[in-house]
Amino acid sequence: MNILKKTVAGGLFSLSLLSASAFAHFVVDNDQSSVFFISTKNLNVSEIHHFKSIKGTMEKDGKFALDINLASVETGIEIRNTRMQEQLFKVESFPKAHVSATLPAEVLAMDKGQNLHIQLPATLSLMGIEKVLDLDLVITKTIDEQYVVTSAQPVLIGAADVGLKEGVEILQKLAGLSSIGLTVPVSFNLVLNKH
């Protein structure tokens, strides 16, 4: 998701040292990429879910953007998919989650076969609410000049912080559960191809 530990704190490294020609435009490969989250019900029953449709880009200036199609949520149970789409994410009004960040110059200058371990702030936009996340990432540039961005540890997202608490409570009642956890671990593995 031989690691060189780097911490990106405060301001990011200047990108002015790199010319536009030194870095290409990259696009997230949906077929090779994944975004997973874990839900916990009745205190100790945990299940893994994922989104089937994601789109993203990494630009020459280090700007990274990822869109997650919330209607593509896959839980393995059709009625649960529908309930999450309609009651939790309210996809008719909020069809996607958006993540944005600016990658530091050291990522843009990576050599083929190199790994970096960095901490990076990112902004999650969900349900009309913006939440800053602290991401712990392992970034690899492959010999084929792909970038692979992996969560080194899960990102914990609180339902109340992103407008999902009410939806979780509705799902709990519909399913007749004693509880559904309000903090959700999210993990991801993103493969970006040169475009």
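Can you tell me the length gained on complete extension of the stretch Asn115 to Phe36, counting 0.36 nm per residue apart and subtracting the Cα distance?
Values: separation 79, 0.36 × 79 = 28.44 nm, distance 2.25 nm.
Full-extension gain reported as 26.2 nm.
Normalised by the empirical 2.2 N^0.38 Å for globular proteins, what value does the Cα Rg of the chain take? Numbers along the way, then the final one.
Values: Rg = 17.8 Å, N = 195, 2.2 N^0.38 = 16.3 Å.
Compactness ratio reported: 1.09.
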Discussion item. Using the basic label-point model (7 angstrom from Cα toward the beta carbon), what is the Ser46 to Asp136 distance in nanometres?
Written reply: 1.4
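No value in this document is a laboratory result; all are computed from the given coordinates. Keep in mind it's a predicted model, so treat the numbers as computed, not measured. Positions of Cβ are backbone-derived with ideal geometry, glycine not excepted, and every protein chain shown enters the neighbour counts.
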